[in-house]
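**Q** Once you've had a glance at the structure underneath, I'll fire off some questions.
The values are calculated or read from the model by the stated rules, or taken from the named source; none is laboratory data. As the structure is a prediction and not an experimental result, all values here were calculated from the model. Here the Cβ is made from the backbone with ideal geometry for all residues, glycine too, and neighbour counts use every protein chain on show.
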Amino acid sequence: MAEIGRIAEVAGYLWEKGWAERNGGNISVNVTGLMTDEEKALPAIGSPIILPEPMTALGGHIFFVTGTGKRMRYICQEPFGNGSLIRISPDGTFFEIIATQPILPTSELPSHLLMHNYLRASGKDNKVVLHTHSTDLIGLTHCKPFLDSEYITRLLWSMIPECRIIVPRGIGIVPYEIPGTLELARATIKQLENHDVVFWEKHGILAVGNDLIECFDAIDILSKSAQIYFSARMAGYESEGMTSGQLDDLVEAFNL
Ligand code: 2HA
Ligand code: ZN
């Protein structure tokens, strides 16, 4: 399946970027539409695993998910040795691993599935949830003034035109929560009403979308903006940033 190759490709980028220390970050991709009927009916490997709450919009859906404790630098070499295909039960109450080895999904699976469930239930054709530990963007979340959605969005947009174009719905902010918890998932879902990228305070970044490469690109361009901002600060200047007029012109020129 070509999609598995893309997951491996992006896992490699995350490692090369320095955003995936040890087992940092995780990926889930809804691959239901890419599978044949026989593949969808593959027998389960191991016992059913109960979900913390029913994912009613995901009944019968199949996801590739990176494995708990698995490292991006190995996922890129061997996706099926470090991740698995899981099938959600028809009523959305449990899942089973169907391929290729009994590798338990990421600790953030409850978050990922709640998000997929929320997005599908609200009619969005979302397939991907990507979570990573981008150093420069996490650094921003350690500074109170940047934990304001409007402020940080405006600041990062104004560093380079592409950022306004590639991340048109801006950045949502989730105050610190323990990794892997449903509280973190619920707070994130609220932010996904208006944003496709969310910063988790002092932890990491989460992006949703239809395409894994596009999710990666959105985080990458935000990271680029943060680096431009920091470069000016390190040179002893406050970056000027694009003006509101220049940003508004992009909205018009690109129909954002
Ligand atoms: O998978 O990044 O948030 C490890 C994590 C948890
Ligand atoms: Zn994390």
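**Q** Confirm whether I221 is modelled with pLDDT of 95 or more and touching a Leu at 6+ places or on another chain (Cβ under 8 Å). Even if it seems obvious, please write down each step before you answer.
**A** Numbers: modelled with pLDDT of 95 or more: yes; touching a Leu at 6+ places or on another chain (Cβ under 8 Å): no.
No, not satisfied.
**Q** Something else: Of all residues being buried (at least 22 other Cβ atoms within 10 Å of the Cβ) and hydroxyl-bearing (S, T, Y) in the stretch 96-115, which is modelled with the highest pLDDT? Just the residue, please.
**A** Ranking the candidates gives T106 first.
**Q** Further question on the same structure: May I ask you to list the residues in the stretch 166-180 that are out of contact with any helix residue (DSSP H, G or I) (no Cβ under 6 Å at 6 or more places or on another chain) and either part of a helix (DSSP H, G or I) or in contact (Cβ under 8 Å) with a residue 60 or more places away in the chain (or both)?
**A** P168, P179, G180
**Q** Could I ask something else about it? Can you pull out the residues in the stretch 181-236 that are within 17 Å of W15 (Cα to Cα), within 16 Å of ligand 2 (Cβ to nearest atom) and in contact with a Gly (Cβ under 8 Å, 6 or more places away or on another chain)?
**A** Listed by number, the residues that qualify are G204, C215.
**Q** Here is a further query. Do you know which residues across the stretch 68-95 are within 17 Å of the chain's Cα centre (by Cα) and crowded, with 22+ Cβ neighbours inside 10 Å?
**A** K70, M72, I75, G83, listed by residue number.
**Q** I would also like to ask the following. Do we find that I205 is assigned to a helix (DSSP H, G or I) and either crowded, with 21+ Cβ neighbours inside 10 Å or more than 16 Å from ligand 1 (Cβ to nearest atom) (or both) in this structure?
**A** So I205 does not fit the description; no.
**Q** Right, here's the next one. Looking at this structure, is I138 within 16 Å of ligand 2 (Cβ to nearest atom), β-branched (V, I, T) and either part of a loop (DSSP other than H, G, I, E, B) or in contact (Cβ under 8 Å) with a residue 12 or more places away in the chain (or both)? It would help to see each step written out before you state the result.
**A** On the way: within 16 Å of ligand 2 (Cβ to nearest atom): yes; β-branched (V, I, T): yes; either part of a loop (DSSP other than H, G, I, E, B) or in contact (Cβ under 8 Å) with a residue 12 or more places away in the chain (or both): yes.
It is true that I138 is within 16 Å of ligand 2 (Cβ to nearest atom), β-branched (V, I, T) and either part of a loop (DSSP other than H, G, I, E, B) or in contact (Cβ under 8 Å) with a residue 12 or more places away in the chain (or both).
**Q** Sort out which residues of the stretch 53-95 are within 16 Å of ligand 1 (Cβ to nearest atom) and in a loop (DSSP other than H, G, I, E, B), and write them in order of number.
**A** Residues satisfying the conditions are T68, G69, K70, R71, C76, N82.
**Q** Go through the stretch 8-41 residue by residue and tally those that are part of a loop (DSSP other than H, G, I, E, B) and among the basic types (K, R).
**A** So the answer is 2.
**Q** Could you go through the stretch 49-67 and let me know if any residue there is within 16 Å of ligand 2 (Cβ to nearest atom) and more than 20 Å from N210 (Cα to Cα).
**A** Start the filter on the stretch 49-67 by keeping residues that are within 16 Å of ligand 2 (Cβ to nearest atom), which leaves 65-67.
Restricting the remaining residues to those that are more than 20 Å from N210 (Cα to Cα) gives 67.
Yes, because at least one residue in the stretch 49-67 is within 16 Å of ligand 2 (Cβ to nearest atom) and more than 20 Å from N210 (Cα to Cα).
**Q** Search the stretch 86-109 for residues that are free of Cβ contacts under 8 Å to residues at least 24 places away in the same chain and of a type in the set (G, A, S) and pair each with any residue that is loosely packed, with under 15 Cβ neighbours inside 10 Å and in a strand (DSSP E or B) when their beta-carbon atoms are under 7 Å apart and the residues are at least 6 apart or on different chains.
**A** none
**Q** Assuming N126 fulfils every condition listed in (1) in a loop (DSSP other than H, G, I, E, B); (2) within 16 Å of ligand 2 (Cβ to nearest atom) apart from one, which condition is it?
**A** So N126 meets the others, but not (2).
**Q** Here's a follow-up. Within the set of pairs 6 or more residues apart or between chains, which connect a residue that is farther than 15 Å from E214 by Cα and of a type in the set (D, E, K, R) inside the stretch 22-36 to a residue that is within 16 Å of ligand 1 (Cβ to nearest atom) and modelled with pLDDT of 95 or more with Cβ atoms less than 8 Å apart?
**A** R22/R71
**Q** So, in the stretch 116-150, of the ones that are charged (D, E, K, R) and more than 24 Å from I50 (Cα to Cα), which residue ends up surrounded by the most Cβ atoms within 10 Å (Cβ to Cβ)?
**A** Filtering the stretch 116-150 for residues charged (D, E, K, R) gives 120, 124-125, 127, 136, 144, 148, 150.
From what is left, the residues that are more than 24 Å from I50 (Cα to Cα) are 124-125, 136, 144, 148, 150.
Working: K124: 15, D125: 10, D136: 17, K144: 8, D148: 13, E150: 10.
Looking at residues that are charged (D, E, K, R) and more than 24 Å from I50 (Cα to Cα), I get D136.
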